[in-house]
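**Q** Sharing a structure below in structure tokens format, with a few things to ask.
The values are calculated or read from the model by the stated rules, or taken from the named source; none is laboratory data. Remember, it's a predicted structure, so these values are computed and weren't measured experimentally. Note that each Cβ is placed from the backbone with ideal geometry, even for glycine, and that neighbours are counted across all protein chains shown.
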Amino acid sequence: MIKTNHNRLYAWFFDRYIGYILKKQFREINITGHVEHKERPILIIGNHFSWWDGFFILHLNRMVFKRKFYIMMLEEQLKHRLFLSRIGAYSIFPGTKSVIESLNYTVDLLNDSSNMVAIFPQGEIESAYTSTFRFEKGLQFVLNRSTSQTPICLVFMVTLVDYYSHRKPSLTIAVEEYKDFGTADAASVEDAYNEFFQRTIQRQNALYK
């Protein structure tokens with residue numbers, strides 16, 4: 001397993017670099033929704049459809065949550081981009097014994113209220129047109145082992161990219177807290193995330209009719 005090795009200089013550079021390339025590549029960036037997250041560690045679940053996704057969450061954290069940032073990546077990918085461990089990435093290697101180490105590491109991170117941990121429970125990149133999401137078993141492991149002594153703020157994130165009549169796309173990042181974390185199981189979280197995704201799509205469609 002590759003653990004996070006935060007570096008302030010890398011974080012400073014990437015905060016500015018990501019802000020720059022997002023402004024250059026997207027016509028507008030809209031963050032919608034409100035989450036009461038104070039004094040709680042944050043576990044954020046997002047849809048995974050592009051190279052950009054980790055940077056979208058990094059931007060969301062910089063603009064809204066302002067926490068120490070962690071994000072789970074496939075070990076095969078992180079090995080080729082080890083510099084990402086300096087800004088919060090750590091690895092998981094599906095199908096090996098080290099998966100348990102990665103999941104326990106995630107649970108440990110969520111015991112600190114200054115942290116935000118991002119995961120893509122789909123387990124892999126899927127088409128942007130995917131409308132129903134199936135989560136891998138690791139989410140249940142994290143839910144089972146997260147202690148009630150440290151209430152966790154579980155945040156759903158849906159990212160949508162639309163062009164409409166413009167050359168550059170607009171980016172929408174919608175967030176919502178899942179408020180039944182204390183009694184949640186992975187199936188309930190999966191259902192709730194799919195429902196939030198559909199509501200987000202409907203709101204997006206209504207804006208441009």
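**Q** Failed condition for VAL155, given (1) closer than 17 Å to VAL189 by Cα; (2) among the aliphatic types (A, V, I, L, M); (3) over 17 Å from the mean Cα position of the chain (by Cα), with all others met?
**A** Exception for VAL155: condition (3).
**Q** Determine which single condition TRP51 fails, assuming it passes every other condition in (1) among the hydrophobic types (A, V, I, L, M, F, W, C); (2) in a loop (DSSP other than H, G, I, E, B); (3) modelled with pLDDT of 95 or more.
**A** (3)
**Q** Can you pull out the residues in the stretch 26-48 that are farther than 24 Å from LEU143 by Cα, among the hydrophobic types (A, V, I, L, M, F, W, C) and assigned to a loop (DSSP other than H, G, I, E, B)? Outline the logic, then answer.
**A** Here is the first cut: in the stretch 26-48, the ones farther than 24 Å from LEU143 by Cα are 26-32.
From the residues that got through so far, the ones that are among the hydrophobic types (A, V, I, L, M, F, W, C) too are 26, 29, 31.
Scanning the stretch 26-48 gives a single hit, PHE26.
**Q** Something else now. When the stretch 3-17 is examined, which residues are found to be in contact (Cβ under 8 Å) with a residue 60 or more places away in the chain, part of a helix (DSSP H, G or I) and under 19 Å from the mean Cα position of the chain (by Cα)?
**A** Correct list: ALA11, PHE14.
**Q** Being in a helix (DSSP H, G or I) and either farther than 26 Å from HIS34 by Cβ or hydrophobic (A, V, I, L, M, F, W, C) (or both) narrows it down to one of VAL175, VAL99, VAL158, VAL117, so name that one.
**A** Criteria check complete, one pass: VAL99.
**Q** Of the residues THR200, THR183, which single one is in contact (Cβ under 8 Å) with a residue 24 or more places away in the chain and among the hydroxyl-bearing types (Ser, Thr, Tyr)? Break it down into steps so the answer makes sense when it comes.
**A** Values: THR183 fails: in contact (Cβ under 8 Å) with a residue 24 or more places away in the chain.
Residue meeting the stated conditions: THR200.
**Q** Among the residues of the stretch 166-186, is there at least one that is over 25 Å from PHE55 (Cα atoms), modelled with pLDDT of 85 or more and in contact with a Phe, Trp or Tyr (Cβ under 9 Å, 6 or more places away or on another chain)?
**A** Here is the first cut: in the stretch 166-186, the residues over 25 Å from PHE55 (Cα atoms) are 179-186.
Filter once more, keeping what is modelled with pLDDT of 85 or more: 179, 185-186.
Still in the list and also in contact with a Phe, Trp or Tyr (Cβ under 9 Å, 6 or more places away or on another chain): 186.
Yes, because at least one residue in the stretch 166-186 is over 25 Å from PHE55 (Cα atoms), modelled with pLDDT of 85 or more and in contact with a Phe, Trp or Tyr (Cβ under 9 Å, 6 or more places away or on another chain).
**Q** So, one more: Can you pull out every residue in the stretch 194-206 that is among the hydrophobic types (A, V, I, L, M, F, W, C) and surrounded by 13 or more Cβ atoms within 10 Å (Cβ to Cβ)? Give the steps one after another, and end with the answer.
**A** Initial filter on the stretch 194-206 (among the hydrophobic types (A, V, I, L, M, F, W, C)): 196-197, 201, 206.
Within the stretch 194-206, PHE196, PHE197, ILE201 qualify.
**Q** Sticking with this structure for a sec: Within the stretch 141-184, track down each residue that is under 18 Å from ILE44 (Cβ atoms) and acidic (Asp, Glu).
**A** GLU176, GLU177, ASP180
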